[in-house]
Amino acid sequence: MAVELDVFVGNTTIMDEEVYQLWLDGYTVNDAVKARMDAGVLEECEADADVLLSDTMDQYRTFQMCERLLQSPAKLANQLLFQITPHRQVMLIERYYAFDDTFVREVLGKKLSKGTKKDLDDISAKTGVTLKSCRRQFDNFKRVFKVVEELKGPLVENIRQHFLLSDKLARDYAAIVFFANNRFETGKKKLQYLTFQDFALCAGQLINNWTVGAVDNMVEDMDVDLDKEFLQELKELKILIADKDLLDQHKSLVCTALRGKTKAFAEMEANFKNLSRGLVNIATKLTNTKDVRDFFIDLVEKFIEPCRSDRWTAADIKLYLTHYTNSAHILDPFKHQAVWDRYMGVIKSCIFIMYHD
Amino acid sequence: MPGKLKAKIVAGRHLPVMDRASDLTDAFVEVKFGNTTFKTDVFPKSLNPQWNSEWFKFEVDDEDLQDEPLQITVLDHDTYSANDAIGKVYIDIDPLLCTEAASVISGWFPIYDTIHGIRGEINVLVKVELFNDLNRFRQSSCGVKFFCTTSIPRGYRAAMVHGFLEELVVNEDPEYQWIDRIRTPRASNEARQRLISLMSGELQRKIGLKVLEMGGNAVVGYLQCFDLEGESGLVVRAIGTACTLEKLTSGSLASAHTHPNTAPASNACNSPSKDGKEPVFGEDLPSSSGPPTPFRALPTSSSSPPPFSPCKPCSRQSSSSDTDLSLTPKTGMGSGGSAGKEAGPLKTLLRQQTQTALEQREFPFFTLTSFPPGFLVHVGGVVSARSVKLLDRIHNPDEPETRDAWWEEIRQEIKSHAKALGCHAVVGYSENTSICEEVCILSASGTAAILNHRYMREGCLDIGSTDQRFEDPSPPSCGFCHIPYDELNMPFPAQLTYCYNCRRQKVPDVLFTTIDLPAEAAVTGKGCLIQARLCRLKKKAQGEVNATVISNLLPFMEYELHTQLMNKLKLRSMNALFGLHIQISVGENMLLGLASATGVYLTALPAPGGIQIAGKTTGDMSNEQHILTIQKRINDTIARNKELYQINPPELTEEGVGSPIPEPRHRSRLFRSHSESSDEVSELDLSHGKKDAFVLEIDDTDAVEDIHSLLTDASPPAGFHSCNTETMPGIYNWTTAVQMFTSVRVLRLSNANLSNQSLNKIFTDLCENLLKSFYFKLRSMVPCCLCHLNFNVAVPEEELIQVSVTAVAMTFDKDQTQERPAERFITKGGSETDEQLQFSLELCADSSSTNSQPSSRISGTVSLFTPAAKLCQSQLVVVHSTGVPENTIVSSRAASVDYGSFADRCSTWLELLRLKAHTIRRGSVKTISSLEHCSPLTEGRSRSVRSSRSFGGSPVTMVKMTPLSFLPGTRNIKYLGIINMFFIRETTSLREEGGVSGFLHSFIAEVFAMVRAHVAALGGNAVVSYSMKDCVLMENPNKNQAQCLINVSGDAVIYVRETDQEPTASMTNMGQSLCAADGAT
């Protein structure tokens, strides 16, 4: 006695959110049945394992048929095959595009290519996210990347419109796309302590301030790439460390302002030149794609680690960077105030985000 | 005559990629009607082409307009090779031919391909201009409205019910034509779809013609079926009930001038009836046992207007000939008076009047299952007939006499059965077939009934004044239960008692019907779905031998099914079945029988006795012990069911209440085998009527199995109810959340040599598990009722059992389930039903229709299988009618319950139920809150919802579907026309599509989508009376192939919430339906 065929189709497509999540998480049908039993769905209503299996199979089939539509969410709204209420559509899409932070952390900044896809089984083993789920998430990244790559206009808004995602999720995707496009290195050991959300916040800063779109949001290749002109201008900041007088003057201005306001004053004073050189050097090298990739590792090595070893508090960092930025304005011979602000604004925010006490 | 059909192709979207190189498509469209074809320009390199074509105009006969569908083919242009077809859309333009229905078809249609399924959508506009007065032309029947709904559609009233309609057309199945041995399956399937579309158009037109001939303007309860007879051809047949419907306008009665036929009738009828009748009747009563002709008693009616006049002269003659033909009415006459009841003679008289009127018709059948109040006077019981036929090639498709004759024969049988029950009409009538190879079982069933003569005699009545006068004085809540046949001359043995409601008339102990529970019926407690399931193995055989084997098996199956139904009914402590549908399906090596019905406790009928188990030998101690345990289990189950279904009949301080379960020593032994022969009818000894309980004897293992299977039926889990009728007695406060679903399950019997018993078990489990699955899947809708559960069984091939179910889950407001909100109920129905009361039947009968009667009937037609068929006939009456007294003995108090404590338990149980439902709800709290979170009202997500709309163009209209004739909490404000669609889907990559389940799952979803799209294009937002009439699946997993045919139908409507005053604009309306649908998901 084998059940040869078993289907259940509702006029309004019936979808159980818990099963959907299990499906998204890459559970096999049998595992999902087990998980549901463990969750106690059987006690809730009088049913047996066969019923559960049949239901799970049905739902899995439905999801598989829906998957094609979920990959271009705009179609979901005006397709005719499944009658799904709009807010349920929103839920389906949002969940389909949701990702595991542990997984995304592994691929962040990597090229979204076949090569990376081949490594997914390793990532799956490492993160404990099922391979199936890894593939879905990776394909989502890739798909979003491919679509927005060719679009004008603000990145987040484009993602939101094309994939009908919530604002939060759209921002995360923007970060992923941005990182993938610029190939920022995030995998080094020194960066391991940073979460995806840290990077996403940093990406938000970079997108909002350092891209072409940040200045003129209808420019051709908008938000995904850093503003080349700006990077070129950053070279001018070199003067802050190359000119010894300027460096000393900057130091004294900062020290005057800081004196007595922090316990770490001694370390600040001692490290000023080193830290300043670090930050300015990062700025001047950003014309190099290679150095762009190392942006975060440089920040950690050149600034965050020295501060951390001196046990600066977050407040110390904030105080220091504020005065460091502002004091440059008072420096007479320094003419690149606008560039300096655009640069330091982002650096400051990124360091705040990345500096964990 | 001529009409102009105009079609415009606007745009396409989501087209498939047809050119791999560019990942795009160069699409164009061919629009074909009849033999004329137009083409759009090629819209190059786009998956969302904008053709925006001119209006393509077809000048055609309206006959063609009715027969032909508009064919739209989307193709991919290819410069060098043949153009590739992307897919097709067939649009039935019939709804446009009716002024009251849709005026334009406009919307997105799924582009369908038999191999690939839905491949994108196309936006089309269709209009029709008709040139002249339609009624003058006999070949077409434009303007006749069709309804699948088996009641008077809401918003209409029946000015006339003309009667039974039937028609069939046959053709050769393209699948089996020689050309198909060389052409691809795809081409032949497309040819089939086209042909069937054409045939059903033709069929509708022909039915429409018959309606016009009868003077009607609509077909209600239209039921169309396909018989795929394989080599011997393709039959499309339909039955229905011809009516003259008038649209109810608020305030005023339907305008008379629109129906010139009926209007004078009503006028002329009205006045004389008022002043003339009563006295006449009063005088006539005593002498009415003579041979009355209907119109003698009613002198005033001689002035009857046109619709009635033709039949008047002949009615007199046939009323006398009629008594010659049938036994019961004659004897009924004589004994009517002797019953000593005041109503007796009156009843008899009325019956004869209506009878003669109805018997003028060839078949006094009605496909309706529910009626305006007062229409149904008495119900006799179920009548059914089956016949086994050998299919032969249809040689001349233009004259399908054979098939016609077959059905004619069956209908005659039904008619005579009804007559035997003392009834002159059959309501809730339906027909179906089961075909395996060259053997075909034709079945027909219905409920014998007596209809109110008032509706037959007069066109339109003023109800207020005439209501009480001619009716027998039985109250509406129990009147229909009163026996229509004569007590002393019963057509079959039954146990009669005085009605427990009015105490004036006799009622049977059990009542089986195929109709819906009348709205006014008094019911105790709630109802539930009751099913009898049966498998019978048979030897494989060919041709006539096979047919003989099958016809020999049929009576036994009928009997077994009936016994099961009866047992299960008693086990639930109920006494009536409604919506009984018995399906017998034939396969190569087995027969499947499935009987579904909704059991209820009719207050008017006596309480059913318990079930008593009897052992084989009383001396055997262990056996005795065993029996005792079973007996206990049964008693417990009965007690539990009484609580579950809240069956708590009022106490009766009455004579002859009863002897409880008898002492074991005095158990009467009954043998099931002897109960069914009609010969014994006359020998029945009514005097030993008060036998104590329903006795089951355990005399062999079969019987043990039977009893076990009886007890294995699980009752629905807390919060759920189920029925196969339109609504559930005892539940009145429906919310608007509905979820229609279709489920199909196929079981492969791996073990080749199964016994009947184990097969039964497997089949029973299959059905039970399906129900369990539904309860589980729909658990979020609790408290809810599965209504109109329609099971369909088939044996697609050897060792496969297929069960397909379509039903609707409806939630209700549980807090008020206890009391029936009487005032609301009445006011709700009031406006419509009041007017529907003015319901009438046309007396018009064909004088030439000579009712050639039983005796001669069989001999000529049935040839070889006559004996078997006859056996069936004679037994069927007995099997399905109101009682089988050998087994059924009324004891009103068999398993008596202490009602005081019962009430307590009842309330605690309810409490428990409430709690349970609450926890279940709590289980899903998470999802609810998340839903609220992203509901369009909250700010964050609303933008994305909006943007999704703006991005994708217009959102899709939500279309509700239901097998019921209504959506709870709504009004159908407009019927847009009938939906009748036939699809074939095939695949040669079964594995890749997720196996046969994946294949069928997507096909069913596609069928739903296409139905919804057509409804939306007509401007509708719901399909009512939806049904899936065929789902024929063939698979060959070894070849990686499968094929499926699905036929669905329903009525497209526009509904509004009951609270809304006027048709809302589509947007707000949609918003509401969305909310409702949310509840359902």
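Readers should treat all values here as calculations from the given coordinates under stated rules, not as data from a laboratory. These figures come from a predicted structure and were not determined experimentally. Quick reminder, even Gly has a Cβ in these numbers, built from the backbone with ideal geometry, and neighbours come from all protein chains shown.
Each residue of segment B:526-540 is assigned a 3J(HN,Hα), and the resulting list reads 10, x, 7, 6, 10, 10, 10, 10, 8, 10, 10, 6, 9, 6, 5 Hz, derived from the Karplus form 6.51 cos²θ - 1.76 cosθ + 1.60 (θ = phi - 60°), x at Gly and Pro. Ignoring lysines fewer than eight residues from B:Lys39 along the same chain, the ones with Cα atoms less than 24 angstrom from its Cα are B:Lys4, B:Lys6, B:Lys8, B:Lys57, B:Lys88, B:Lys127. For chain A, find the longest principal axis of its Cα atoms and tell me its angle to the long axis of helix A:265-285, 0 to 90°, nearest 10. Tilt relative to chain A: about 70 degrees. Mean-square fluctuations from a GNM of chain A, with a 10 angstrom spring cutoff on Cα atoms, peak among A:Asp225, A:Asp248, A:Asp38 at A:Asp38.
Given a Förster radius of 22 Å and the C-beta distance between B:Ser81 and B:Gln50 as r, what FRET efficiency does 1/(1 + (r/R0)^6) yield to the nearest 0.05?
The pair B:Ser81/B:Gln50 has a calculated efficiency of 0.30.
Per residue, the average separation of C-alpha pairs within less than 8 Å and at least 6 apart gives segment A:101-210 a relative contact order of 36 percent. Model label points for B:Leu390 and A:Gln64, set 7 angstrom from Cα along the Cα-to-Cβ axis, are 4.6 nm apart.
Here A:Lys263 and A:Gln197 are evaluated by their C-beta separation; at R0 = 35 Å the FRET efficiency comes out at 0.75.
Phi angles across segment A:344-350 convert, under the Karplus curve 6.51 cos²θ - 1.76 cosθ + 1.60 with θ = phi - 60°, into 3J(HN,Hα) values of 5, x, 5, 4, 4, 4, 4 Hz, Gly and Pro given as x. The dipole here belongs to segment A:228-354: it is taken about the Cα centre, uses +1 on the Cβ of Lys and Arg and -1 on the Cβ of Asp and Glu, and is about 160 debye.
Computed 3J(HN,Hα) for segment A:122-129, one whole-Hz value per residue from the Karplus formula 6.51 cos²θ - 1.76 cosθ + 1.60 where θ = phi - 60°, is 5, 4, 4, 5, 6, 8, x, 7, glycine and proline marked x.
Charges on Cβ only, +1 for Lys and Arg, -1 for Asp and Glu, centred on the Cα centroid of chain A; of A:Val148, A:Ser252, A:Thr289, which one is farthest towards the dipole's positive end? The one lying farthest along the dipole's positive direction is A:Ser252. For segment A:228-354, the relative contact order works out to 35 percent when only alpha carbon pairs closer than 8 Å and six or more residues apart are counted. Near B:Gln646, the amide H atoms lying under 5 Å from its own belong to B:Lys526; only residues 5 or more places off or on other chains count, and H is placed 1.01 Å from N. Could you tell me which of the pairs A:Lys190/A:Lys348; B:Lys539/B:Lys570; A:Lys146/A:Lys302 are separated by over 23 angstrom between their Cα atoms in the structure shown? Where the Cα-Cα span goes over 23 Å, the pairs concerned are B:Lys539/B:Lys570; A:Lys146/A:Lys302. Computed from the Cβ-Cβ distance with R0 of 41 Å, the FRET efficiency linking B:Asn1040 to B:Lys4 stands at 0.30.
Can you compute the modelled spin-label distance between B:Ile973 and A:Lys75, with each label point 7 Å from Cα toward Cβ, in nm? It works out to 3.6 nm between the two label points.
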